[in-house]
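A.B. asks: For reference, the structure I am asking about is given below.
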């Protein structure tokens, strides 16, 4: 049987050992999935992906990427293992140019591959290609997200995790960012995202997992959850599945 792209087993994580936020999560993400993590405010969604990425301490349990156990792999080494993480904030270097941001991300690659990889990313993200010398801090919210994702894709990771990629963006830009994620997923990258925009996320996802109080309470096909008012009421704190509280 083929190993899943990403798996956590009995994962317990949080900032303080005696106050776990993620409590025994068994999460399996199949290769090629676009999985969205949903849940009410404080459910532990962001903490879960940060623990997987190595940003939040893991107290027990394990994280596997394919057939490799990466539970104790240092955060800065996880990208080399094939796990790319785009945090909600501080995901670009605002005082550097677009090109410098990409060059810095490409530093993990052999020197002979860097220029070609950056050129390929400019081809994928033409908005960035038109202004490579522009300071990243002057970009719009949507352009910043594109740059953050481009940086994450520099090593062709099999798994891409994003924490609240639509936060603070207008509905038009949200649609553009989600269309970009759908295309990346269609190209073979397994995508996991934490989202507050339930309707937009479920529209592009293949499957959804709902966390409540640090534990998985429900999971299923995104299309079936999209129109389920009971799920929205019980787990997302809404009467209709259109928004979830920001974590």
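A.B. asks: Provide the percentage of antiparallel DSSP beta bridges, counting only those with both residues in the chain; round to the nearest 5.
C.D. replies: Values: 22 of 39 bridges.
Within the chain, antiparallel bridges account for around 55 percent of the total.
A.B. asks: Sticking with this structure for a sec: Report the gain in length on full extension from residue 199 to residue 31: 0.36 nm times residue separation, minus Cα-Cα distance, nm rounded to one decimal.
C.D. replies: 58.1 nm
A.B. asks: Apply the Kirkwood formula to the range 84-156: the hydrodynamic radius equals the inverse of the mean of 1/r over all pairs of different alpha-carbon atoms; give it in Å with one decimal.
C.D. replies: Working: mean 1/r = 0.0835 Å⁻¹.
Value: 12.0 Å, from the Cα pair sum.
A.B. asks: Quick check on the chain: helices-only [θ] at 222 nm, where DSSP H runs of length 4 and up contribute -39,500 (n - 2.57) each and the sum goes over total residues. Nearest 500, please.
C.D. replies: -10500 deg cm²/dmol
A.B. asks: Plugging the Kirkwood radius over Cα pairs into Stokes-Einstein for the chain, at a temperature of 20 °C and a viscosity of 1.002 mPa s, what D comes out in µm²/s? Mind showing how you got there, number by number?
C.D. replies: On the way: Rh = 18.3 Å.
The calculation lands on 117 µm²/s.
A.B. asks: Once both axes come from the Cα atoms, what is the angle between helix 111-124 and the longest principal axis of the chain, in degrees from 0 to 90, rounded to 10?
C.D. replies: The answer is roughly 70 degrees.
A.B. asks: Residue separation times 0.36 nm, minus the C-alpha to C-alpha distance between residue 60 and residue 179: what's the value?
C.D. replies: 39.2 nm
A.B. asks: On a 0 to 90° scale, report how tilted helix 171-186 is relative to the longest principal axis of the chain, with both axes built from alpha carbons and the result rounded to the nearest 10.
C.D. replies: Orientation of helix 171-186: about 90 degrees from the principal axis.
A.B. asks: Let me ask another. Just how far, in whole angstrom, is the range 48-92 from the range 184-236 if you go by their alpha carbon centroids?
C.D. replies: 21 Å
A.B. asks: Residue separation times 0.36 nm, minus the C-alpha to C-alpha distance between residue 9 and residue 187: what's the value? Display every interim value, and only then the final one.
C.D. replies: Numbers: separation 178, 0.36 × 178 = 64.08 nm, distance 2.76 nm.
Taking residue 9 through residue 187 to full extension adds about 61.3 nm, to one decimal.
Every read-out reported here was derived from the displayed coordinates using simple, explicitly stated rules and does not represent laboratory data. No experiment lies behind these values; they were computed from the predicted model shown.
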